[in-house]
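Take a look at the structure set out below.
The values are calculated or read from the model by the stated rules, or taken from the named source; none is laboratory data. Owing to the predicted nature of the structure, the values given are computational and were not obtained by experimental measurement. Here the Cβ positions follow ideal geometry from the backbone for every residue, glycine too, while neighbour counts run over all protein chains shown.
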Amino acid sequence: MAEEILVNVTPQETRVASIENGVLQEVVVERCRNRGLVGNIYLGRISRVLPGLGATFLDIGLERTGFLHISDIAQVHKDTETNSTDIAIEQVLQEGQQLLVQVTKDPLGSKGARLSTFLSIPSRYLVFMPHTTSLGISQRIENDDERQRLRDLLIELEPALDRVEIDSSETAPASAANPTRTEHATPPGSGGYIVRTAAEGATIDEIRDDMLFLQRLWQSISARIEAAAVPSVIYEDLQLVFRTIRNLSSDQTAKIRIDSKETCAKVLDFAQQFTPELVSRIEHYAEERPILDLYSIEDEIQRALQRKVDLKSGGHLIIDQTEAMTTIDVNTGGFVGHRNLEETIFKTNLEATQTIARQLRLRNLGGIIIIDFIDMSDEDHQRQVLRALEKSLDRDHSRITVSEVTSLGLVQITRKRTRESLEHVLCDQCPTCAGRGSIKSAESICYEIFREILREAWQFEAKKLLVVASQTVVDILLDEESTSVVELEAFIRIPIRFQVESAYTQEQYDVVPL
């Protein structure tokens, strides 16, 4: 049990850090003003149907409308042999129609929340799927005998479940999960289940209690639907600290420390009801030293916002996050090795695999990820590096797919993204460069100003021109470019004056005719 969970609670935000062998592996930040929406259920109204995209936009009461693709609509898959691409979305949904949906991805950047009508409600051991009768077993339960025991146990408790097991990763079911109902409310006793990893070794009484809890919860949600206005939130998932306790596996967590006495008391009450085996490991952190100063977590968070990540050998990674994808470049840097170039490259790439896996979790990087390992001519080295990467990614809670090495030596990864990355949570776009990551040089701005002066002189009959710019730009105009300024004044026959504006960035300037 090498994992330790540290919880920092303030009135403004909650931060949960996951520590493995004394090293920060993951940090999740939830702010009171901007709580995550994944798992929330809304009663919304369709505002637009887009046949060209096979999707609709729904008003669910948020700042931006949510996005619902045809593949995420349960009604389309009512017949398991139906292919969603063969059905026009306007045949299924119309503008103004009310729809019960669940958020599967938080709003990311300029995009609204991703929605689905395949509802799923998690508890300690199970995930309840009210609109299916399917049975799923977590992929992380690898023992065949245990999988069969849990499958038989659930069928004994709920005979109406389908006997065919679906592929499951403890998340909302995929479109192929054989849904059988699309109404808002489902009669008590019906529905499907996914068995979570935490259920490994659970008794029939524990599973039965979990099943009854989920059924009662769904009945209360169904009752709220009948009286709800449109749009409105019907069900909200637990706060971050309670979700953390609910999702923890008892055999992997040695200690959970919380720096808020009030929150710790609430968590203990919650754990006694749902995860009694964790109660003895939950404790209040009462020391004066901030809890996230332990293991240098605050410093690790700051380093996770930088592009460059150093490797112990002397090599380094360069991580660039863009709208379309994240790229990771591996470099030998100062590592020169001891034997030959191929061995140096192999060792650097091998070390990089562990660091890359950790950085993906720590930064919560999702979507398409392209890794540019240092080129390896030895095919056996390529296979070893790929296997090492896959092994390092095994502990990641998100769904990950790793491709083979391409002809260009690149490795492609897809990592399921449900919430904003750490950088997007903690940082704003740079107002100076507007997200470009660079700004025009002062020299380039000077030449732009010269061109603007010519335009102003031709358009207006000014007696003189005033140039307002940053200190750096004005200094260059009066020093290195002073000869060019004199020549320009002689050409346009208008005197030019300069004024420093301290509030201007290097790219900002004004040419004012007087």
Selection over region 213-240 where residues are surrounded by 14 or more Cβ atoms within 10 Å (Cβ to Cβ), of a type in the set (A, V, I, L, M, F, W, C) and part of a helix (DSSP H, G or I) yields a count of 7
Quick one: what pairs do we get from region 473-487, first residue free of Cβ contacts under 8 Å to residues at least 12 places away in the same chain, second exposed (fewer than 11 other Cβ atoms within 10 Å of the Cβ), C-beta under 9 Å, 6+ apart or different chains? none
Considering only region 410-425, state which residues are in contact with a Phe, Trp or Tyr (Cβ under 9 Å, 6 or more places away or on another chain) and surrounded by 20 or more Cβ atoms within 10 Å (Cβ to Cβ). VAL411
Please enumerate the residues belonging to region 217-237 that are over 23 Å from THR65 (Cα atoms) and without any contact (Cβ under 8 Å) to a residue 60 or more places away in the chain. GLN219, SER220, SER222, ALA223
Restricting attention to region 91-113, the residues that are surrounded by fewer than 21 Cβ atoms within 10 Å (Cβ to Cβ) and of a type in the set (Lys, Arg) number exactly 1
Can you tell me which condition ILE245 does not meet? The list is (1) closer than 22 Å to ASP106 by Cβ; (2) in contact (Cβ under 8 Å) with a residue 40 or more places away in the chain, and all the others hold. (2)
Filter region 1-24 for residues that are touching a strand residue (DSSP E or B) at 6+ places or on another chain (Cβ under 7 Å) and surrounded by fewer than 18 Cβ atoms within 10 Å (Cβ to Cβ); the one that is modelled with the lowest pLDDT is MET1
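Rundown of residues vs (1) out of contact with any Lys or Arg (no Cβ under 7 Å at 6 or more places or on another chain); (2) farther than 26 Å from ARG33 by Cβ; (3) not in a strand (DSSP E or B), yes/no style:
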residue: ASP209; (1), (2), (3): yes, yes, yes
residue: PHE242; (1), (2), (3): yes, no, yes
residue: ILE256; (1), (2), (3): no, no, no
residue: LEU292; (1), (2), (3): no, no, yes
Looking for whichever is in a helix (DSSP H, G or I) and not assigned by TED's automatic domain parsing to the domain that holds LEU119 here; the options are GLU283, GLU323, GLU288, GLU277. Which one fits? GLU277
Identify the residue in region 233-243 that is out of contact with any helix residue (DSSP H, G or I) (no Cβ under 9 Å at 6 or more places or on another chain) and not acidic (Asp, Glu) and, among all such residues, is farthest from ASP396 (Cα to Cα). VAL233
